Amino acid sequence: RLQESRERLSVCSKLCYAVGGAPYQITGCALGFFLQIYLLDVAQVDAFYASIILFVGRVWDAITDPMVGFFISKTPWTRFGRLMPWIMFSTPFAIISYFLIWFVPDISTGQVMWYLVFYCAFQTLVTCFHVPYSALTMFISREQSERDSATAYRMTVEVLGTVLGTAIQGQIVGKVDTPCIESPFFFSLTNSSVAMEELNMTHDTESLTDTRNAYMIAAGVIGGLYILCALILLLGVKERRESSELQSDEPVSFLQGLKLVMNHGPYIKLIAGFLFTSLAFMLLEGNFALFCTYTLGFRNEFQNILLAIMLSATLTIPLWQWFLTRFGKKTAVYVGITSAIPFLIMVVVMDSNLFVTYVVAVAAGISVAAAFLLPWSMLPDVIDDFKLQHPSSHGHEAIFFSFYVFFTKFTAGVSLGISTLSLDFAGYQTRGCSQPDQVNFTLKMLVSAVPVGLILLSLLLFKLYPIDEEKRKKNKKALQDLREESNSSSESDNTELASIV
């Protein structure tokens with residue numbers, strides 16, 4: 001009991017840990033929603049080159065996760081820990097590169113390389129922050145219940161971060177009218193060089209300058225929040241070292257660790273299940289605005305509907321934390337993910353109805369909260385199971401977390417490609433007030449039939465996941481026994497050394 005009380009985290013420590021998850025979500029949402037429009041309308045980059053910047057940046061973002069995981073696994077322990085120095089030193093450079101993404105350089109050539117370099121640089125630096133921060137879950141406490149509770153705090157703050165990032169960027173930029181261009185696809189409908197010449201002649205240069213300044217102000221505000229959150233994390237959280245790792249400072253072999261991790265059955269089954277779950281919800285998230293606008297006809301309501309999804313997800317994360325503590329994590333997976341299925345079918349089968357759409361949005365937010373919380377709550381259980389099977393192998397936590405993030409980002413790219421190709425094949429009209437029947441049918445498939453099928457497939461995979469509540473409790477007790485044995489061995493060695501002296 002005394003040992004458990006020592007491992008118990010205060011509410012302040014949990015909040016400080018949770019705040020560290022906000023920078024990744026705030027910057028990610030701002031870039032995700034506004035970077036394409038910024039490149040086309042404000043920086044006036046040609047649409048073809050803008051697509052290259054966005055695609056290469058997304059691919060590079062996925063690649064950097066296992067790379068950073070590799071370097072973290074080779075990092076020796078310092079007096080600040082092994083993970084905290086990565087967070088500490090990457091933060092200032094990440095702020096600089098993020099600000100320069102939203103700066104329009106006064107150069108005639110090389111503008112594309114400017115944005116490509118700084119976009120990829122920021123993705124690398126924010127990965128150097130987020131991968132060690134994710135792995136930090138295993139080093140704030142050795143108690144599973146405390147880690148689960150801290151994860152719930154973290155998920156709540158991260159969901160709030162997604163709302164905050166969109167709100168800050170949208171409110172600051174929205175106060176300034178961007179001149180003339182109403183659609184980010186304008187350059188694809190006409191000759192880009194001719195269009196730019198006409199824009200330079202007809203558009204108000206002063207107004208465009210105001211828009212550019214607004215983007216830089218938004219970048220400055222978000223950069224300030226990034227620094228504040230990083231400082232709260234660094235000052236309010238202590239990275240604890242496992243007692244079993246105190247015996248050796250030798251860095252582990254990354255390739256050997258990767259082989260061990262990828263051969264660990266529970267990990268493969270867990271990430272496979274959440275891979276299909278993530279794909280389902282990302283398809284829903286990426287196409288729900290288009291579905292509300294064209295298929296349901298709620299052109300002026302889709303922003304409020306999306307806000308309802310995010311607020312519902314934020315408010316129900318504590319509910320899911322209580323539920324998984326009370327009934328177990330596998331049960332929470334089944335209930336949380338399947339709760340969206342009847343509502344996804346309802347919104348497609350029933351006639352267009354605003355009230356029903358809001359009900360579906362709230363239900364989708366409840367499932368999004370479960371899908372958001374549960375992977376980060378279940379990954380530590382997999383790592384504990386791995387430690388029991390490989391007690392002499394240490395330092396692989398970053399590999400577990402970095403490859404899960406890699407697969408999640410890869411899934412995001414796949415969902416984006418599937419959606420774009422499907423809508424283009426169906427004949428999507430970029431500036432039309434309405435869409436052909438084929439497009440409406442495709443949108444129904446992308447927000448209902450395909451996600452439901454992927455959710456059902458993920459449930460079959462979760463059925464194979466071996467760590468249920470009984471197994472988790474056995475692993476917890478076995479790890480406690482190992483730690484007590486290690487501590488008693490260390491104390492006896494110290495006693496023997498003292499008697500010799």
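Of note:
- Filtered residues of the range 364-394 (kept if part of a helix (DSSP H, G or I), surrounded by fewer than 20 Cβ atoms within 10 Å (Cβ to Cβ) and among the polar types (S, T, N, Q)): Gln389
- Pick from the range 93-142, criterion farther than 21 Å from Phe48 by Cα and part of a loop (DSSP other than H, G, I, E, B), ranking: nearest to the chain's Cα centre (by Cα): Ile140
- Test: residue in the range 318-332 that is closer than 24 Å to Met445 by Cβ and within 22 Å of the chain's Cα centre (by Cα): no
Taken together, the values in this text are just the output of simple stated rules run on the coordinates, not laboratory data. Note that the structure is predicted; figures quoted are calculated from it, not measured. When we count neighbours, we look across all protein chains shown, and the Cβ atoms used for this are built from the backbone with ideal geometry, even at glycine.
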